[in-house]
Amino acid sequence: MQIELENLLGSANVIFQSDKLKAYDCDAYVAEKAMPRAVVFPQSTEQVASIVKIFNREQIPFLPRGAGTGLSGGATPFAGEVVISLVKMDRLLHVDFENHRAIVQPGFVNLVLSRQIAHRGFYYAPDPSSQSVCTIGGNVAENSGGSHCLKYGVTSNHVVALTLVTPTGEIVTLGQVHGDVLGYDLLGVMVGSEGTLGIVTEITVKILKKPESVETVLAYFHTVADASDTVSDLIAHGVLPAAVEMMDQLMMQAVDKSVYHVGYPPEIAAVLLIEVDGLQAGVEDMAQRVLDICCRHNVHSVRRAVNEEERKLWWSSRKMAFPAVGRISPDYMVQDGVIPRTRLTEILARIADLSHEYGLRVANVFHAGDGNLHPLICYDGRIPEQLAKAMDLGRKILELCVEMGGSITGEHGVGIEKIEQMKVQFSSVDLQWQERLRRVFNPADLCNSGKLIPRPARCAEFRQIQTMVEKYAAAFQETV
């Protein structure tokens with residue numbers, strides 16, 4: 001098989017040496033790791049299809065991988081898969097400015113698309129915090145959101161068509177470049193399926209004209225409750241900001257230790273970053289309404305960005321919040337849950353109680369406008385029991401989100417990290433139907449097995465998978 005893959009892709013695009021495979025034993029969810037059998041780097045749809053057909057013939061499990069920035073273990077090769085890395089499929093294939101469409105390969109980096117179409121006054125709206133490195137293919141797999149999804153929606157709202165290699169190696173096109181989808185909405189099924197239903201090889205997305213005017217507001221609050229109430233009041237008064245982001249005191253301390261130092265006052269408990277955009281006249285009025293509503297909720301201070309440089313600093317501070325936690329904790333675990341925004345105050349108080357109960361600090365940063373929480377649980381991995389405590393605390397937070405009428409994930413996906421919490425979110429009948437759908441696309445269960453949907457006999461299944469992995473690994477080494 002090794003020779004066949006090298007003949008297809010070239011020897012430089014096939015990795016099987018154990019020291020090089022180590023780099024692919026997890027994604028950004030580092031709590032659980034496993035070594036892949038090999039890594040291959042296709043550069044076209046046809047190559048992906050040929051690879052998948054080889055693996056089907058040999059009954060070898062495989063999974064797609066983008067930039068490895070996923071936060072739920074969706075690209076972790078727990079079944080000893082061959083990783084199909086899509087990073088070399090990184091081209092912008094076509095831009096249709098007149099009809100507001102662009103076609104990219106899955107390895108194309110999110111932010112690069114906006115940069116390459118900026119000269120014509122266009123941009124790509126979905127903006128995850130990792131947008132400078134994450135790929136659009138990975139965004140499709142997780143249905144990623146971002147700071148501006150309150151107004152502009154998540155990835156599924158911007159993808160109109162896909163080219164897909166099915167888990168059996170067939171090439172199909174889903175969606176409709178213009179107009180409504182005809183027949184069953186298989187595009188909707190595919191976006192957010194976490195690489196369990198096939199491998200996306202081309203993506204057609206909407207591109208938008210840049211708004212005429214943007215105003216960005218920073219508001220400091222003495223209490224988290226006042227900040228949370230402000231968010232609900234904004235929406236209740238008909239103000240739809242492009243983004244409403246919140247950070248708590250511990251998160252602000254972490255970010256201010258980084259190069260993106262804003263100088264957050266030490267006495268405040270929460271900060272809101274609020275952005276409105278649109279036509280010049282309307283934006284000016286909306287920004288003033290934002291200021292007025294903030295002042296009704298005991299705001300410590302509130303002001304608009306005086307120039308683009310200050311606006312960029314505020315946004316850099318927010319976007320770099322996750323890595324900044326490394327300045328206050330040796331390790332951290334990112335969670336991702338959703339609640340009704342009217343219950344922000346309640347959930348943050350419950351998280352604070354759990355933090356005290358477990359003896360682990362929790363820094364909070366989140367998309368407050370749509371109730372998408374990102375609690376970062378701080379722990380020290382050198383102390384064995386702390387990792388277990390952090391994982392248990394994360395599970396409790398997700399269960400609280402469901403209890404409050406929300407979800408166990410807003411944009412990071414289920415992967416392996418949240419797979420058991422799917423049983424909290426869905427009934428056994430719900431999960432059975434999801435599993436039946438997966439079997440339609442992925443009948444041999446070779447494509448990213450063991451992710452997203454829990455199974456009753458998961459432990460026994462993994463023992464069987466491990467036996468299969470060892471058998472195929474031995475056979476693979478014999479070909480080397």
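Quick note: the coordinates plus some simple rules give every number you see, no bench work behind them. Fair warning: this is a prediction, and the values are worked out from it, not measured in the lab. Cβ placement follows ideal geometry from the backbone for every residue including glycine, while neighbour counts extend to all protein chains displayed.
Select from Val200, Ser228, Val271 the residue farthest towards the positive end of the dipole of segment 178-291; place +1 on Cβ of Lys and Arg, -1 on Cβ of Asp and Glu, and compute about the Cα centre.
Val200
Local charge sum around Asp27 (other residues, Cβ-Cβ under 12 Å, Lys/Arg +1, Asp/Glu -1)?
-2
Of all the stretches in the chain, which is the longest one without any exposed loop site, taking GluC sites (Glu not before Pro) in a DSSP loop (any state but H, G, I, E, B) with at most 15 other Cβ atoms within 10 Å?
268-480
Taking amide hydrogens as modeled 1.01 Å from N in the peptide plane, which residues meet the under 5 Å criterion relative to Thr135, leaving out close sequence neighbours?
When sequence neighbours closer than 5 places are left aside, the close amide H contacts are Ala67, Asn110.
Go through Lys88/Lys423; Lys33/Lys312; Lys206/Lys451; Lys22/Lys312 and tell me which ones have a Cα-Cα distance over 31 Å in this structure.
Pairs exceeding 31 Å: Lys88/Lys423; Lys33/Lys312; Lys22/Lys312.
When the Karplus curve 6.51 cos²θ - 1.76 cosθ + 1.60 is applied with θ = phi - 60°, which whole-Hz ³J(HN,Hα) does each residue of segment 259-264 get, with x for Gly and Pro?
6, 9, 7, 9, x, 5
Go through segment 162-171 residue by residue and turn each phi into a ³J(HN,Hα) via Karplus (6.51, -1.76, 1.60, θ = phi - 60°); whole Hz please, and just put x for glycine and proline.
With coefficients 6.51, -1.76 and 1.60, one gets 9, 9, 10, 9, 5, x, 9, x, 8, 9 Hz.
Apply the Karplus curve 6.51 cos²θ - 1.76 cosθ + 1.60, θ = phi - 60°, to the phi angles in segment 377-386 and return the couplings in whole Hz, x for Gly and Pro.
With coefficients 6.51, -1.76 and 1.60, one gets 8, 8, 8, 10, x, 6, 9, x, 5, 6 Hz.
Compute, for segment 165-224, the length of the dipole vector about the Cα centre, with Cβ point charges of +1 (Lys, Arg) and -1 (Asp, Glu) only. Units Debye, rounded to 20.
I would put it at about 180 debye.
For a quick protection proxy, order the peptides 216-224, 128-136 by their average other-Cβ count within 10 Å, most packed first.
128-136, 216-224
Would you work out if the chain is rounded, prolate or oblate? Take a ≥ b ≥ c from the square roots of the eigenvalues of the alpha-carbon gyration tensor; rounded if a/c is under 1.5, else prolate when a/b is larger than b/c, oblate otherwise.
Because a/c hits 1.5 or more and a/b exceeds b/c, the chain counts as prolate.
Antiparallel versus total DSSP beta bridges in segment 1-93: what percent is that, nearest 5?
The antiparallel proportion sits near 20 percent.
Please report, in debye to the nearest 20, how large the charge dipole of segment 47-99 is about its Cα centre when each Lys and Arg carries +1 at its beta carbon and each Asp and Glu carries -1 there.
Charge dipole, segment 47-99, about its Cα centre: 220 debye, nearest 20.
Using modelled backbone amide H atoms (1.01 Å from N, in-plane), which distant-in-sequence or interchain residues come within less than 5 Å of Ala31's amide H?
Excluding prolines and chain starts, which carry no amide H, there are no hits.
Mind checking the dipole of segment 372-436: about its Cα centre, +1 per Lys or Arg Cβ, -1 per Asp or Glu Cβ, Debye to the nearest 20?
40 debye
Stick to the Cα atoms of segment 311-431, pair each with every other, and give me the Kirkwood hydrodynamic radius in Å at one decimal.
When all Cα pairs of segment 311-431 are included, the Kirkwood radius is 15.0 Å.
Skipping prolines and chain starts, which residues have an amide H placed within reach, meaning under 5 Å, of the one on Met89, given they are 5 or more residues away or on another chain?
Under 5 Å from the amide H of Met89: Gly107.
What net charge is computed for the residues neighbouring Gln434, neighbours being all others with C-beta under 13 Å from the C-beta of Gln434, Lys and Arg scored +1, Asp and Glu -1?
Local net charge: +3.
Towards the positive end of the charge dipole of segment 296-381, with charges on Cβ (+1 Lys, Arg; -1 Asp, Glu), say which of Leu373, Thr345, His300 has the farthest Cα.
His300
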